[in-house]
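Data block below; observations after.
Please treat every number below as a calculation from the coordinates, not as lab data. Because the structure is a prediction, the values reported are computed rather than measured. We place every Cβ from the backbone using ideal geometry, glycine too, and count neighbours over all the protein chains shown.
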Amino acid sequence: MPLWLTLPAAVLLVVVLLKTAATLALATAYHRSQQRRVAGRDGGADLSVSVIVPAFNEAVTIEACLRGLAHQTYENLSALVVDDGSDDGTSATVTEAITRIGGSTPIALVRKNNGGKASALNLGLRMTSSDVVVCVDADSVLAPDAIERIVEPFEDRTVGAVGGAVKVADSGTLLGRQQAMEYIAGLGLQRAAFAHINAVQVLPGAISAFRRDALRSVGGYSSDTMVEDFDVTVAVQAAGFRAVVQPRAVAHTEGVASLRDLIKQRRRWTYGGFQVLGKYRRTLFTDDVGPLSRLGLPYFLIFPWVDVAISAIFLTGFATYAAMGLVGRFAVYLLATAAIAGALNLYAIRMTGESARLAGYGSLQPFFYAHVLTFATVVAGVTYALGRSVTWDKLERRGLTVGDDRPSLGAVATTVREARPAA
């Protein structure tokens with residue numbers, strides 16, 4: 001490889017190795033601290049809990065979500081579905097499902113005019129008097145003990161928010177399994193690592209819990225960014241509460257079905273993240289929100305562009321070797337990259353107890369999947385820099401079917417519209 005390409009590649013390799021080592025060390029320490037929790041302690045057994053499920057055109061997904069809620073092991077629990085102006089029969093599906101699925105969790109339904117996810121969540125927040133509010137996406141299915149687990153950290157009065165672990169249901173496709181591995185080895189490990197240093201940037205919309213008073217103290221969810229979960233996580237910590245992660249509180253979700261939808265999804269996430277950084281820009285590299293300001297938010301500002309640079313060097317290197325007729329030499333680099341990714345994936349799988357077969361699919365990420373994500377980052381960054389808006393596009397949904405073990409994807413593909421942010 002030419003010197004002009006070798007030097008930046010070497011620098012980035014060192015940066016990535018250091019980041020990976022730090023992430024693994026911190027995530028391991030966090031998981032061990034979770035495992036050392038005293039067995040049998042009822043961390044939140046005396047707390048009342050309300051689950052809020054915002055739903056806009058979720059007729060395909062909502063019943064599986066409600067089935068997961070109806071059979072939770074936590075007793076002091078109720079659920080509220082907020083239909084945000086759906087026109088696909090979501091409310092009728094909810095009403096029929098409540099009657100059909102039974103279970104021990106009382107589930108209520110309220111309808112409102114479409115105003116966006118944040119407004120739906122805030123309506124639910126105003127309607128509840130429970131100690132803890134758990135927000136769950138309508139396309140997610142909770143494990144039976146998810147609520148029981150996610151409430152445990154609230155035994156610490158400084159904790160204002162708790163995020164669970166999100167796992168992608170196996171779609172049987174290469175894309176779906178790479179997403180599943182990304183959630184385990186990428187998002188999951190990273191979130192645990194930042195939790196260990198009290199610098200959690202974002203808790204997942206699929207399953208997040210809040211002390212009700214903490215959430216109300218920041219005015220609930222904000223609608224001025226596209227990533228209300230990221231925004232509210234920062235706001236709660238800025239108000240003086242801690243945000244932590246509970247890896248044992250699991251929500252299963254459906255991965256996107258196509259590369260086109262993957263790019264749309266990640267472009268929206270990244271663009272929204274830049275909005276949050278802009279909103280809290282005066283706190284960056286300060287002590288205003290502790291480690292979150294010093295490390296958590298700056299990480300999101302810097303490292304997506306490190307990944308973009310890695311992709312650029314990777315693709316440039318491949319093109320250079322191909323032009324020189326030395327693709328075989330580049331193949332050695334590809335195999336080494338796959339080996340490193342595979343080792344990281346196996347470590348993450350061992351830590352989380354997932355199926356080892358996913359590691360092989362994750363090893364393919366450096367060849368294509370990772371470059372799709374960095375492309376979405378570039379598009380989002382350019383769009384944000386130019387002051388252009390990003391809309392909420394359609395995503396294909398197939399729906400999750402709740403089985404005896406874990407949810408699986410339904411057989412029928414359906415396209416649903418997502419709510420646009422309120423004007």
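The charge dipole of the range 244-296, taken about the Cα centre with unit charges on the Cβ atoms of Lys, Arg (+1) and Asp, Glu (-1), comes to about 220 debye, rounded to the nearest 20.
Rounded to a whole number of µm²/s, how large is the Stokes-Einstein D of the range 117-162 at 10 °C and 1.306 mPa s, given Rh as the Kirkwood radius over C-alpha pairs? Walk me through the intermediate numbers first.
Details: Rh = 12.2 Å.
The Stokes-Einstein estimate is 130 µm²/s.
Please give every one of the aspartates and glutamates within straight-line cross-link reach of Lys112, meaning a C-alpha to C-alpha distance under 15 Å, and leave out same-chain neighbours fewer than 8 residues apart. Within the straight-line cut-off, Lys112 pairs with Glu58, Asp83, Asp84, Asp87, Asp88.
Within a straight-line Cα-Cα reach of under 20 Å, Lys279 can be paired with the following lysines, leaving aside sequence neighbours fewer than 8 residues apart in one chain: Lys117. Dimensions of the range 1-150 from C-alpha coordinates, computed as largest minus smallest value along each principal axis and given longest first, are 66, 43, 27 Å.
Taking 0.36 nm per residue of separation and subtracting the Cα-Cα distance, what length does fully extending Ser389 through Glu96 add? Could the numbers behind the result be given before it?
Working: separation 293, 0.36 × 293 = 105.48 nm, distance 3.80 nm.
Additional length available on full extension: 101.7 nm.
For the range 145-166 versus the range 269-283, the inter-centroid distance based on Cα atoms is 25 Å. For the range 237-394, count all C-alpha to C-alpha pairs, find those more than 18 Å apart, and express that count as a whole percent of the total. Result for the distance tail: 71 percent.
Ignoring the sites themselves, what is the longest stretch of the chain with no trypsin sites (Lys or Arg not before Pro) in a DSSP loop and at most 15 other beta-carbon atoms within 10 Å?
Details: sites that count: Arg36, Arg37, Arg41, Arg157, Arg388, Lys394, Arg417.
Here the longest run is 158-387.
With a simple spin-label model that places each label point 7 Å from the Cα along the Cα-to-Cβ direction, the separation between Asp288 and Arg32 comes to 3.5 nm.
Run the numbers for Arg126 and Ser217: contour at 0.36 nm per residue of separation, minus the present Cα-Cα distance, in nm. Write out the running numbers ahead of the final one.
On the way: separation 91, 0.36 × 91 = 32.76 nm, distance 1.22 nm.
Here the segment from Arg126 to Ser217 would lengthen by 31.5 nm.
Computed across the range 307-381, the Kirkwood hydrodynamic radius from all distinct Cα-Cα pairs reaches 13.6 Å.
Specify which residue in the list Ile263, Tyr321, Ala331 is farthest towards the positive end of the charge dipole of the range 258-350, using unit charges on the beta carbon of Lys, Arg (+1) and Asp, Glu (-1), about the Cα centre. Of the options given, the answer is Ile263.
Counted over the chain, the DSSP beta bridges are approximately 40% antiparallel. For the chain, a simple Cβ point-charge model (Lys and Arg +1, Asp and Glu -1, everything else neutral) yields a dipole of about 980 debye relative to the Cα centre.
Excluding the site residues themselves, the longest part of the chain lacking any chymotrypsin sites (Phe, Trp or Tyr not before Pro) in a DSSP loop with at most 15 other Cβ atoms within 10 Å is 1-284.
Per residue, the convex hull spanned by the Cα atoms of the chain amounts to 142 cubic angstrom.
Tell me the relative contact order for the chain as a rounded percent, counting alpha carbon contacts under 8 Å between residues six or more apart. Show your work: numbers first, answer last.
Details: 786 pairs, mean separation 83.4, N = 423.
Once normalised by length, the contact order is 20 percent.
Considering helices alone, the calculated mean residue ellipticity of the chain at 222 nm is -15500 deg cm²/dmol, with DSSP H runs of length four and up weighted by -39500 (n - 2.57) and normalised per residue. With contacts taken as Cα pairs under 8 Å at a separation of at least 6 residues, the range 145-298 carries a relative contact order of 33 percent. Would you work out the relative contact order for the range 247-383, in percent, from Cα pairs under 8 angstrom that are 6 or more residues apart? It comes to 35 percent, rounded to a whole number.
Each 5 Å bin from 0 upward holds the following percent of the Cα-Cα pairs of the range 152-290: 2, 10, 18, 22, 21, 14, 8, 4, 1, 0.
Scalar couplings 3J(HN,Hα) for the range 378-383, obtained by applying the Karplus form with A = 6.51, B = -1.76, C = 1.60 to θ = phi - 60°, are 4, 4, 5, x, 5, 4 Hz; x denotes Gly and Pro.
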